[in-house]
Structure formats: structure tokens, C-alpha cells
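Structure, as C-alpha cells:
The values are calculated or read from the model by the stated rules, or taken from the named source; none is laboratory data. This is a predicted model, so every value here is computed, not measured. Neighbour counts are summed over all protein chains in view; Cβ atoms, including those assigned to glycine, are modelled from backbone coordinates with ideal geometry. Just the protein is used for accessible areas: all its heavy atoms, side chains included, with ligands, DNA and RNA removed. Shrake-Rupley method; radii C 1.70, N 1.55, O 1.52, S 1.80 Å.
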Amino acid sequence: MEKETIFPKRTVQAVLRMYGFDGAFCEPKEYISFVDDDEKLVKLIFSVWLAEEKRVVVKILHEEGDLLADREEIERQSAFSECMRQNGIRTPRRYRANGRYCNEISCYALPCNVTVEDWCGEEITEINAEIAYRIGEMMAEMHLLSLANHCEIGCGTLFSAAYENDVDAFEEFCQICENEHLDQTVVTEIKELRSQKLKMLRVVWDRLPKTAVQGDISINNLVYGEDQLTVFDYNNAGDEVLISDLVMEGLLTAYEMELPAGTDPQVRETFFPALLKGYLSRRSLSIEEADTAWIAYTLYHALWFTRIVYHEDSLEKLVARNDYAAANRLLANMLKDMTEADDGRFRL
């Protein structure tokens, strides 16, 4: 049962002393505060102002799974973050205690993993083409540094274009398309094309460049200041094929980030090209990478999850309103996007 949390002042003081600070703090600011006694879950993320005149972020976690395995994964993610920072990427410094970035602390009578890092500012709340371009630049620079330093974390990410990912709504697509009012000829073509494209991706997947990546470069994990981006939050960092990171996070940036109030939603169509242009200004793709990126792009641009579910103009909502004419137009557009001819955009 989730319970109302009381800010754990003594635990915070103990954490700060563990990491070499004097323990004095003020102005605590909570970002996530979740404690469930029944499930034995703790997720506390907050920042505090220190006597050293700096603000740091403290994360105290006891989540589902193996606590020790989680600790080792967080340790590797932290080491990757520090590798990026030490090689010029603007990202918060991670602090060490007992020779480690991630240590154990007791909180709410549970053993928890704890980390401390610098606070880097308020996150971006809205996307535009300029920010999309800069995201692409930074992503490419991080990819190059990770390759050069042979970085490896030992786990996957949320966004594998060839296998499981968090933006795949194909199962829901199949369920929705059982409706006999939908154009079953188009539905069948889409299903067959998806199967073909996944097979094509998997044939080459294991020989494409792969390395550790931050894994979630969304505006929610970015600060924009001094005409530069700072990236934070590596909790989804893992090892990924680089064109997968590029395509999937590029589409996520283009279609799922907030727009400035009053902006025409059609401007979203400029964001992926801007991000890609920024990326290619720093790192060019091999012919095989470019060819594979196009396959991944046409697959996920066509079957992007919010075209299928959640959004008011998604296939799910159109069918629920019995607007089959609009639903069939959307299916036709999905098929058109899946069969779009390679325009060379990944070779710029």
C-alpha cells in the first residue's frame, strides 16, 4: 500500500556524509516520492542545497528485482555518465563513496541503492527545431565517444528497433484491426510489410555498430542554457545499435515532446529531419547503417504507437467513435509511410 512519505532528513544527512559532504543541507526539492510498504518499493528522487553552495540530486531506490544486480547496473551506468562528462559532454558529475558511485543505505527500513550527483538546472519543457538539431548533434558526439572508449553497460535499452521496445503497439494494432469495418486488404499488407522489415533488420543487426548509449535523450532529461544542452538521468542507459538509438529517440523527440502553446502541430514534421541533420553533422553513417536506418524509420514512423493508441486521432479512438472512413484513411497513410522510397536522408 502506497503511503504518504515524510522527507527522510536523517537518511539524507547520512547519505551526504557518506559521499564526503558535511551533512548540512536546506531547500529540499522533491521530484519523485514513492513508498509502498506492501510491495516493499522505495523511489525517492530529490535535490538539496548544500553548505558548499551547490545543489545535488540524491536518488534512493529499492525497486522490483535483485537489489545487488540493480546496484551493479547503476554503477556501470554511472561510470558511463562520468566517461561522457570527462570527455566533454555536459552532464552532471557523479560522486563516489567507498570507491563506488552507487552504495547501500537503509531507508524506510529497507536496504536501498543510493547515488549523488550535481544538479544541472531545470529540464526543458518544450521542443522546437533548433533543440531537435542540437539533440542530434549531442547524440552523435556521445555515440562517437562511447565507441572510442569501448563503453559497455551490459543491459539493453527501451528502444531496440529490431526486437522489444517501449513504442511497439503492434499487438494493439492487430486487436483493433479485427474490426470488419476496416480495410482488411490494407491491414494484411501492413502486417506482411512489418514482418518483412523486422526480418531485414535482424539479418544485419549483429554486425552494425553498437555501444553504450544514454538511452532516453528526451527534453525531460535535458537542460538548455548558454546555447548548449546538458543531459542527465542515465537510468535507461544500456547497449544499443546506434542507428536504433538515432531513429527511435528521434521519432520520440519529434512526436511525443510538448510543443509551445499555440504551435501548429504540423511543425512536428520538421523535428526528425532537424535532429537527423544535427546528428549527421557530427557522425556519418556507413552505407549499411543508412540502409538499415531507413528500414527502421519507415517501419516505426508508419506504426508509431500513438498513431495506434492514446491520441484522440489514433486508430483506437477513431474505431471507438465508429469513424471508419477516417480510420481507413489512417491505415492507408500508414501503408504509404511504410512503402516510402528511400530519399537518401540518412546519407546527408
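Annotations
- Taking Cα atoms only, the orientation of helix 9-18 departs from the longest principal axis of the chain by about 80 degrees.
- C-alpha long axis of helix 287-302 to longest principal axis of the chain, angle in °: 80
- Accessible area per residue in Å² at 1.4 Å probe, computed on the chain: 47
- Rounded, prolate or oblate (a/c below 1.5 giving rounded, otherwise prolate when a/b exceeds b/c) for segment 181-246 by Cα gyration tensor: oblate
- Considering only alpha-carbon pairs that sit under 8 angstrom and 6 or more positions apart, the relative contact order computed for the chain is 17 percent.
- Computed magnitude of the charge dipole of the chain (debye, nearest 20; Cβ of K, R +1, Cβ of D, E -1): 960
- Computed from the C-beta positions of residue 27 and residue 123 and an R0 of 25 Å, the FRET efficiency is 0.90 to the nearest 0.05.
- Angle in degrees between helix 184-204 and the longest Cα principal axis of the chain, rounded to the nearest 10: 50
- Residues of type aspartates and glutamates that residue 54 reaches as a straight line, Cα spacing below 14 Å, ignoring anything fewer than 8 places off in the same chain: 22, 27, 117, 118
- Here is the list for segment 265-336: chymotrypsin sites (Phe, Trp or Tyr not before Pro) lying in DSSP coil, each with at most 16 other C-beta atoms within 10 angstrom of its C-beta, are 310.
- Distance violations [Cα-Cα > 30 Å] among 43/197; 197/317; 277/317: 43/197; 277/317
- Around residue 342: net Lys/Arg minus Asp/Glu count, Cβ-Cβ under 15 Å: -2
- FRET E, pair residue 195, residue 7, Förster distance 56 Å, beta-carbon r, rounded to 0.05: 0.60
- Computed helical MRE - 222 nm, the chain, DSSP H runs ≥ 4 contributing -39500 (n - 2.57), nearest 500: -13000 deg cm²/dmol
- Environment charge of residue 184, counting only residues whose C-beta is closer than 14 Å and scoring Lys/Arg +1, Asp/Glu -1: -4
- A simple spin-label model places the labels of residue 325 and residue 152 5.8 nm from each other, with each point 7 Å out along Cα-to-Cβ.
- Model label zone, residue 309; criterion: amide N under 20 Å from point 7 Å along Cα-to-beta-carbon; scope segment 251-266: 251-253, 255-257
- Under 11 Å, Cβ to Cβ, from residue 128 - net charge with Lys/Arg +1 and Asp/Glu -1: -1
- Apportionment of accessible area to carbon and sulfur, the chain, percent (1.4 Å): 48
- Between residue 282 and residue 100, residue separation times 0.36 nm minus the direct Cα-Cα distance comes to 62.2 nm.
- Using the Cβ-Cβ distance between residue 36 and residue 86 with R0 = 51 Å, the FRET efficiency computed as 1/(1 + (r/R0)^6) comes to roughly 0.85.
- Student exercise, segment 50-116 dipole from Lys, Arg, Asp, Glu Cβ charges, in Debye to nearest 20: 500
- Applying the criteria of a DSSP loop state and at most 16 other Cβ atoms within 10 Å to the GluC sites (Glu not before Pro) of segment 1-78 yields 4, 39, 52, 53, 63, 64.
- Exposure check, 1.4 Å probe, all protein chains in place: residue 191 carries approximately 80 Å² of accessible surface.
- Largest first, the residues 152, 164 sort by 1.4 Å accessible area into 164, 152.
- Shown here for segment 231-293: GluC sites (Glu not before Pro) in loop regions (DSSP other than H, G, I, E, B) with at most 14 other Cβ atoms within 10 Å, namely 258.
- The simple spin-label model puts a point 7 Å past each Cα toward its Cβ; for residue 68 and residue 207 those points are separated by 4.1 nm.
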